[in-house]
Amino acid sequence: MASDIIARGMAAQALKNGASKVDANGIGQIKPENTTFLRISTANLFDGNYIEGYTLAGAGSILELQENADYHALTVLYVKPSTAYSVIVEETAAEEGLWWLKIATSTETDIADVMHHKYVPDGAFRQSYITAYTRTVHFTTGENDHILFVQAARSAQPLLQIAEGTQSDFTVSGYDTIYPGEGVSIYSKEEVNALIAAALSQ
(Lines give C-alpha, C1' and ligand atoms only; values in the text may rest on other atoms or scores of the structure.)
Protein backbone atom coordinates (compact mmCIF):
# COMPACT_ATOMS: atom_id res chain seq x y z
CA MET A 1 0.00 0.00 0.00
CA ALA A 2 1.21 3.48 -0.87
CA SER A 3 0.28 4.73 2.60
CA ASP A 4 2.79 2.27 4.08
CA ILE A 5 5.70 3.38 1.88
CA ILE A 6 8.06 6.07 3.19
CA ALA A 7 11.52 6.77 1.80
CA ARG A 8 14.15 6.41 4.52
CA GLY A 9 16.05 9.55 3.63
CA MET A 10 12.94 11.78 3.70
CA ALA A 11 10.61 10.09 6.18
CA ALA A 12 11.36 12.01 9.37
CA GLN A 13 10.98 15.47 7.83
CA ALA A 14 7.94 14.43 5.78
CA LEU A 15 6.20 13.10 8.85
CA LYS A 16 7.13 16.10 10.96
CA ASN A 17 5.78 18.50 8.32
CA GLY A 18 2.70 16.51 7.39
CA ALA A 19 1.46 14.84 10.53
CA SER A 20 -0.08 18.04 11.91
CA LYS A 21 -3.13 17.47 9.69
CA VAL A 22 -5.55 14.70 10.67
CA ASP A 23 -8.66 13.43 8.94
CA ALA A 24 -12.06 12.78 10.53
CA ASN A 25 -10.81 9.44 11.85
CA GLY A 26 -7.80 11.03 13.54
CA ILE A 27 -5.35 9.62 10.98
CA GLY A 28 -2.32 11.79 10.24
CA GLN A 29 -2.12 13.14 6.71
CA ILE A 30 1.15 13.58 4.81
CA LYS A 31 1.14 16.50 2.38
CA PRO A 32 1.58 15.74 -1.35
CA GLU A 33 4.77 17.80 -1.59
CA ASN A 34 6.35 15.39 0.89
CA THR A 35 5.65 12.34 -1.32
CA THR A 36 7.72 13.27 -4.35
CA PHE A 37 9.77 10.10 -3.90
CA LEU A 38 6.72 8.09 -5.04
CA ARG A 39 5.93 7.39 -8.69
CA ILE A 40 2.63 6.63 -10.42
CA SER A 41 3.14 3.81 -12.89
CA THR A 42 0.67 5.09 -15.52
CA ALA A 43 -0.60 8.39 -16.87
CA ASN A 44 -3.75 8.06 -14.76
CA LEU A 45 -3.82 10.47 -11.83
CA PHE A 46 -6.83 8.59 -10.41
CA ASP A 47 -5.87 5.47 -8.45
CA GLY A 48 -9.22 3.69 -8.82
CA ASN A 49 -10.39 4.25 -5.24
CA TYR A 50 -13.74 6.03 -5.46
CA ILE A 51 -14.99 7.92 -2.42
CA GLU A 52 -18.42 6.76 -1.31
CA GLY A 53 -21.08 8.82 0.44
CA TYR A 54 -20.48 12.15 -1.29
CA THR A 55 -22.07 13.95 -4.24
CA LEU A 56 -21.61 17.16 -6.18
CA ALA A 57 -25.20 18.30 -5.83
CA GLY A 58 -26.69 20.71 -8.32
CA ALA A 59 -26.37 21.18 -12.08
CA GLY A 60 -24.54 23.34 -14.59
CA SER A 61 -21.93 25.46 -12.84
CA ILE A 62 -23.85 25.57 -9.53
CA LEU A 63 -22.37 22.64 -7.63
CA GLU A 64 -22.02 21.85 -3.92
CA LEU A 65 -20.16 19.00 -2.24
CA GLN A 66 -22.57 17.20 0.07
CA GLU A 67 -22.57 14.00 2.08
CA ASN A 68 -25.08 11.53 0.64
CA ALA A 69 -25.03 7.79 1.30
CA ASP A 70 -26.65 7.02 -2.07
CA TYR A 71 -23.63 8.13 -4.11
CA HIS A 72 -20.53 5.99 -4.65
CA ALA A 73 -18.40 7.49 -7.43
CA LEU A 74 -16.58 10.66 -6.34
CA THR A 75 -12.86 11.29 -6.56
CA VAL A 76 -10.97 14.24 -5.12
CA LEU A 77 -7.32 14.92 -5.93
CA TYR A 78 -4.70 17.65 -6.09
CA VAL A 79 -4.02 19.43 -9.37
CA LYS A 80 -1.65 22.13 -10.57
CA PRO A 81 -2.84 25.70 -11.17
CA SER A 82 -3.13 27.00 -14.77
CA THR A 83 -2.73 23.50 -16.20
CA ALA A 84 -4.68 21.58 -18.86
CA TYR A 85 -6.36 18.35 -17.76
CA SER A 86 -8.51 15.69 -19.36
CA VAL A 87 -11.18 13.52 -17.75
CA ILE A 88 -12.14 10.37 -19.67
CA VAL A 89 -15.03 8.23 -18.46
CA GLU A 90 -16.11 4.76 -19.54
CA GLU A 91 -19.71 4.64 -20.71
CA THR A 92 -22.22 3.27 -18.23
CA ALA A 93 -25.98 3.05 -18.40
CA ALA A 94 -27.90 6.12 -17.34
CA GLU A 95 -28.89 6.02 -13.67
CA GLU A 96 -32.40 7.33 -13.02
CA GLY A 97 -32.30 8.81 -16.54
CA LEU A 98 -29.10 10.82 -15.94
CA TRP A 99 -25.36 10.26 -16.31
CA TRP A 100 -24.23 12.22 -13.22
CA LEU A 101 -20.77 13.27 -14.51
CA LYS A 102 -19.80 16.50 -12.72
CA ILE A 103 -16.43 18.25 -12.51
CA ALA A 104 -15.33 21.15 -10.32
CA THR A 105 -12.11 22.77 -9.14
CA SER A 106 -11.33 24.49 -5.86
CA THR A 107 -8.87 27.11 -4.66
CA GLU A 108 -8.54 25.36 -1.29
CA THR A 109 -5.10 23.86 -0.69
CA ASP A 110 -5.98 20.96 1.62
CA ILE A 111 -8.51 18.26 0.75
CA ALA A 112 -9.20 17.57 4.43
CA ASP A 113 -10.45 21.15 4.82
CA VAL A 114 -13.26 20.70 2.28
CA MET A 115 -14.49 17.21 3.16
CA HIS A 116 -16.99 16.19 5.86
CA HIS A 117 -19.19 19.27 5.43
CA LYS A 118 -21.08 21.11 2.71
CA TYR A 119 -18.68 22.95 0.44
CA VAL A 120 -19.19 25.01 -2.72
CA PRO A 121 -16.20 24.57 -5.06
CA ASP A 122 -14.90 28.03 -5.94
CA GLY A 123 -12.43 27.19 -8.70
CA ALA A 124 -12.30 28.35 -12.30
CA PHE A 125 -14.04 25.26 -13.72
CA ARG A 126 -17.41 23.90 -12.60
CA GLN A 127 -19.66 21.97 -14.94
CA SER A 128 -22.05 19.02 -15.01
CA TYR A 129 -22.78 16.62 -17.85
CA ILE A 130 -25.97 14.82 -16.89
CA THR A 131 -28.37 14.88 -19.85
CA ALA A 132 -26.21 12.82 -22.24
CA TYR A 133 -23.21 10.51 -21.97
CA THR A 134 -19.97 12.49 -22.14
CA ARG A 135 -16.77 10.52 -22.66
CA THR A 136 -14.11 13.24 -22.49
CA VAL A 137 -13.88 16.66 -20.85
CA HIS A 138 -10.92 19.00 -21.42
CA PHE A 139 -10.40 21.99 -19.17
CA THR A 140 -7.71 24.24 -17.71
CA THR A 141 -7.43 24.91 -14.01
CA GLY A 142 -7.44 28.50 -12.79
CA GLU A 143 -4.34 30.26 -11.53
CA ASN A 144 -5.42 29.60 -7.93
CA ASP A 145 -6.92 26.11 -8.35
CA HIS A 146 -5.43 23.25 -6.30
CA ILE A 147 -8.14 20.59 -5.91
CA LEU A 148 -10.22 18.71 -8.48
CA PHE A 149 -13.57 17.02 -7.81
CA VAL A 150 -14.90 14.49 -10.32
CA GLN A 151 -18.20 12.72 -9.80
CA ALA A 152 -18.13 9.97 -12.44
CA ALA A 153 -21.54 8.43 -11.79
CA ARG A 154 -24.10 7.89 -9.05
CA SER A 155 -23.65 4.27 -7.91
CA ALA A 156 -21.80 2.75 -10.88
CA GLN A 157 -18.01 3.08 -10.74
CA PRO A 158 -16.82 3.32 -14.35
CA LEU A 159 -13.22 3.21 -15.50
CA LEU A 160 -12.02 6.77 -15.05
CA GLN A 161 -8.81 8.34 -16.29
CA ILE A 162 -7.67 11.79 -15.23
CA ALA A 163 -4.63 12.97 -17.16
CA GLU A 164 -2.54 16.08 -17.31
CA GLY A 165 -2.71 17.60 -20.81
CA THR A 166 -5.21 17.18 -23.62
CA GLN A 167 -6.15 13.55 -24.12
CA SER A 168 -9.25 12.08 -25.80
CA ASP A 169 -8.76 8.32 -25.51
CA PHE A 170 -7.96 5.94 -22.68
CA THR A 171 -4.30 5.00 -22.33
CA VAL A 172 -5.09 2.62 -19.45
CA SER A 173 -7.31 -0.42 -19.11
CA GLY A 174 -7.22 -0.53 -15.31
CA TYR A 175 -5.61 1.09 -12.29
CA ASP A 176 -2.00 0.79 -11.25
CA THR A 177 -0.49 1.49 -7.86
CA ILE A 178 1.84 4.21 -6.63
CA TYR A 179 5.25 2.85 -5.71
CA PRO A 180 8.66 4.19 -4.66
CA GLY A 181 11.31 5.06 -7.22
CA GLU A 182 14.02 2.54 -8.01
CA GLY A 183 16.65 2.15 -5.31
CA VAL A 184 14.55 3.78 -2.59
CA SER A 185 14.68 1.96 0.73
CA ILE A 186 11.42 1.78 2.62
CA TYR A 187 10.21 1.51 6.17
CA SER A 188 7.78 -1.12 7.37
CA LYS A 189 4.40 0.04 8.68
CA GLU A 190 5.64 -0.52 12.23
CA GLU A 191 8.69 1.66 11.61
CA VAL A 192 6.46 4.36 10.11
CA ASN A 193 4.26 4.31 13.22
CA ALA A 194 7.36 4.73 15.39
CA LEU A 195 8.53 7.66 13.27
CA ILE A 196 5.12 9.33 13.50
CA ALA A 197 5.18 9.03 17.29
CA ALA A 198 8.71 10.44 17.42
CA ALA A 199 7.87 13.35 15.07
CA LEU A 200 4.75 14.30 17.03
CA SER A 201 6.66 14.27 20.31
CA GLN A 202 9.13 16.95 19.11
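The values are calculated or read from the model by the stated rules, or taken from the named source; none is laboratory data. Everything numeric in this text was worked out from a predicted model, so none of it was measured. Every residue, glycine as well, gets a Cβ built from its backbone with ideal geometry; the counts of neighbours run over all protein chains shown. Heads up: the accessible areas ignore ligands, DNA and RNA and are worked out on the full protein's heavy atoms, side chains in. Shrake-Rupley method; radii C 1.70, N 1.55, O 1.52, S 1.80 Å.
Summary table below
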{"read-out": "Carbon and sulfur %, accessible surface of segment 77-184 computed with the full protein complex present, 1.4 Å", "value": "48 percent"}
{"read-out": "Computed E for Thr131/Lys189 - FRET, C-beta separation, R0 41 angstrom, nearest 0.05", "value": "0.30"}
{"read-out": "Computed accessible area, Glu90, all protein chains, 1.4 angstrom probe, square angstrom", "value": "80 Å²"}
{"read-out": "Förster radius 35 Å - calculated FRET efficiency between Thr166 and Glu96, Cβ distance, rounded to 0.05", "value": "0.65"}
{"read-out": "For segment 70-149, projected area of the alpha-carbon convex hull averaged over all directions, nm²", "value": "5.4 nm²"}
{"read-out": "21 Å tail of the calculated P(r), segment 61-202, as % of Cα pairs", "value": "52 percent"}
{"read-out": "Contour minus Cα-Cα distance for Asp110 and Ala84 (0.36 nm per residue)", "value": "7.3 nm"}
